[in-house]
């Protein structure tokens, strides 16, 4: 049976303000979904809610992984169950080396029942794998010794997120604007890497991915099976790759005109710009 | 004479808060213990038991008068000590151990638990281990002795190197400096005496390991390090203490002289039991183009008040102080540093990091002073505090006194709580909340850890992990 991440009628509030107002989205492993929409429509909120950010309060609806209630799990448990999010703005953790962080993370994700303090992946084995993945991403080996996202350029941060994706091999990945802040060559490399990583199979199944983006480059290499448009905290349209093409060439005016209620909510959300959505 | 034999201690291992890795006690058979409390008679008796020359006896007695005349400090932490309820001197063996074989078995067992023999086999140059009040074991590699390096306990130095010792002893920290320096001067025992001759550079750290191991036992070691012109040394002291249920006092004095072009680094990792008052005076004088570095890590204790100082006495002298404090339930770390610029073109740097959790309190108290005439001097202070929960506290008390115009003084302070965003980021990669917090804390103190010799770095990380256990609810 194909593994499934199912989001149903999801309502999410941040600091008491409703952001998502009934999102429905089902992703099967092997599928590529594009999530588009104007800034502030709630795309990142969806990612954070699925990943389990404590500030994003789920006020209604469900998120299920193969029928299990994800909402009962904290972020760590979700990660170990196979959910991953590449952050739009990853946090820096000064003093913690990328390699140490990744070794710990990979150990936990691959061995979800590991007790705190139990052995990590053997150093030699881990180093070899890390080196290979870094070479794929054309990252200098020195990168592993740098502190997590500390003083990274925008491009380095995004590449570090893709490296984590490669090392953690999740079942489902949400990529939140992993292409933003990258130059043309870097976007191309990122796109190819993501395509390659997402097509690796685990027990015969490929990764299910949700790509949040404003651009076409990432989608060139990762052709979406489905394109969703979010407006005012709801998915208002779903189509194929042609919808994505339309949106990044034509913009959202047609969508706003077709969904006046959602457009009105979007305008209200825009005024609440104190809230990161 | 009021002496009694120390009974075999089977001290209670009742926990008074948190797990302490070194919560073990080895039965000790002491041979001499001064009676409890302090007065001129006890001070004289300590001197007599040590067979000291008259000048040291007079020094102790004068220091005792100064101690009595000085009020308790009315700043810093809350010191509720009964000076008459403390033992001031305990001599565990009648002679110093010359080799490992001569060291009494129960003391050896204690060291074995602390991993000392192994550490020594690996790379120690010389070990001075202070067990209770007297140095019982010391070894120094022959090549060091051949170079004219002296590494001994201070009691031995009084007898064997009286002229050298007297030239510097109590000149950097005189007894009237503060009440606890006076107390130490009156009752001091043990500590290290190090002399590095001109141009001699010691490549590996000299180490001392000591611990308090008798209930109600104060420990008053006295260390003096003289780094002659162009010489270099790194001295490391680490100490761990078993836990007791009554209050105990540790009050050390450490004096360092670094002459022209010399370098000295003094590294301390202290992990005191949670009932110990740790009131230490540490000061160095750095001369022309000399460098003095203090690396100071404070864990445990009930109250620590410690402000390692560098007085930059001649042009080009440099002082660097790296300090870290970790406070938890019932603990107050009042730690900091002092930089005093007494000459032109001197430069100093203080990096202070503190972590408070489970209701612990960490204070940074620092002084940056530029005296008249110290033109072109530079001082920078960075202090960062990390607070792990709402019950814990951090304060900063920076004092800046500048009597010269042409100087550069920078002070940066930050206080942060472990960020929800950082925790979420690490947890989203599969780390548990406790692992994530622990990783953030390790990263926070990384700048200090990487300055430590390898074994101490590993030890420090383990201690921090232990401190972090169960800290996240």
Return the residue satisfying two criteria in turn: it lies in segment B:426-444 and is more than 7 Å from chain A (Cβ to nearest Cβ) and in contact (Cβ under 8 Å) with a residue 40 or more places away in the chain, and of such residues it is nearest to residue A:76 (Cα to Cα).
B:437
Take residue B:351 and tell me if it is within 25 Å of the chain's Cα centre (by Cα), within 14 Å of chain A (Cβ to nearest Cβ), within 28 Å of residue B:464 (Cα to Cα) and buried (at least 23 other Cβ atoms within 10 Å of the Cβ).
no
If residue A:161 satisfies every condition in (1) over 22 Å from residue A:213 (Cα atoms); (2) within 14 Å of another protein chain (Cβ to nearest Cβ) but one, which is the exception?
(1)
Note on segment A:158-189: residues assigned to a helix (DSSP H, G or I), farther than 20 Å from residue A:83 by Cα and in contact (Cβ under 8 Å) with a residue 24 or more places away in the chain are A:184, A:186, A:187, A:188, A:189
Take residue A:210 and tell me if it is in contact with a strand residue (DSSP E or B) (Cβ under 7 Å, 6 or more places away or on another chain), under 22 Å from residue A:40 (Cβ atoms) and not in a strand (DSSP E or B).
no
Could you tell me whether residue B:336 is assigned to a loop (DSSP other than H, G, I, E, B), farther than 23 Å from residue B:193 by Cβ and in contact (Cβ under 8 Å) with a residue 24 or more places away in the chain?
no
Name the residues in segment B:252-272 that are surrounded by fewer than 24 Cβ atoms within 10 Å (Cβ to Cβ) and part of a loop (DSSP other than H, G, I, E, B), would you?
B:259, B:260, B:261
When you go through B:406, B:389, B:395 one by one, which is the residue that is more than 8 Å from every other protein chain (Cβ to nearest Cβ), touching a residue at least 24 places away in the same chain (Cβ under 8 Å) and farther than 30 Å from residue B:368 by Cβ?
B:389
In this structure, does residue B:446 turn out to be exposed (fewer than 15 other Cβ atoms within 10 Å of the Cβ) and out of contact with any helix residue (DSSP H, G or I) (no Cβ under 7 Å at 6 or more places or on another chain)?
no
Please go through segment B:407-423 and give me each residue that is part of a loop (DSSP other than H, G, I, E, B) and either closer than 25 Å to residue B:444 by Cβ or out of contact with any strand residue (DSSP E or B) (no Cβ under 8 Å at 6 or more places or on another chain) (or both), ordered by number.
B:418, B:419
Restricted to segment A:126-157, and to residues that are outside any helix (DSSP H, G or I) and more than 14 Å from every other protein chain (Cβ to nearest Cβ), which residue is surrounded by the most Cβ atoms within 10 Å (Cβ to Cβ)?
A:139
Of the criteria (1) within 13 Å of chain B (Cβ to nearest Cβ); (2) in contact with a helix residue (DSSP H, G or I) (Cβ under 6 Å, 6 or more places away or on another chain); (3) at pLDDT 95 or above, which one residue A:12 fails:
(1)
Has segment B:458-466 got at least one residue that is part of a helix (DSSP H, G or I), within 11 Å of another protein chain (Cβ to nearest Cβ), over 21 Å from the mean Cα position of the chain (by Cα) and modelled with pLDDT of 85 or more?
no
Given (1) buried (at least 17 other Cβ atoms within 10 Å of the Cβ); (2) over 30 Å from residue B:288 (Cα atoms); (3) within 14 Å of another protein chain (Cβ to nearest Cβ), where does residue B:421 come up short, assuming only one miss?
(1)
If we ask which residues in segment A:53-93 are more than 7 Å from chain B (Cβ to nearest Cβ), part of a helix (DSSP H, G or I) and within 18 Å of residue A:111 (Cα to Cα), their number turns out to be 3
Checked A:123, A:91 against criteria (within 30 Å of residue A:215 (Cα to Cα), surrounded by fewer than 23 Cβ atoms within 10 Å (Cβ to Cβ) and modelled with pLDDT under 95); the one match is A:91
Considering only segment A:223-243, state which residues are surrounded by fewer than 23 Cβ atoms within 10 Å (Cβ to Cβ) and in a loop (DSSP other than H, G, I, E, B).
A:223, A:225, A:240
The number of residues in segment A:101-114 that are out of contact with any strand residue (DSSP E or B) (no Cβ under 8 Å at 6 or more places or on another chain), free of Cβ contacts under 8 Å to residues at least 60 places away in the same chain and buried (at least 19 other Cβ atoms within 10 Å of the Cβ) is 3
Residue B:233: part of a strand (DSSP E or B), farther than 20 Å from residue B:173 by Cα and at pLDDT 90 or above, yes or no?
yes
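Yes/no matrix, rows are residues, columns are (1) surrounded by fewer than 24 Cβ atoms within 10 Å (Cβ to Cβ); (2) over 23 Å from residue B:397 (Cβ atoms); (3) touching a strand residue (DSSP E or B) at 6+ places or on another chain (Cβ under 9 Å):
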residue	(1), (2), (3)
B:288	yes, yes, no
B:294	no, no, yes
B:308	no, no, yes
B:317	no, yes, yes
B:323	no, no, yes
B:335	no, no, yes
B:365	yes, no, yes
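The values are calculated or read from the model by the stated rules, or taken from the named source; none is laboratory data. From a predicted model like this one, the values you see are computed outputs, not experimental measurements. Every residue, glycine among them, receives a Cβ derived from its backbone with ideal geometry; neighbour counts consider all protein chains shown.
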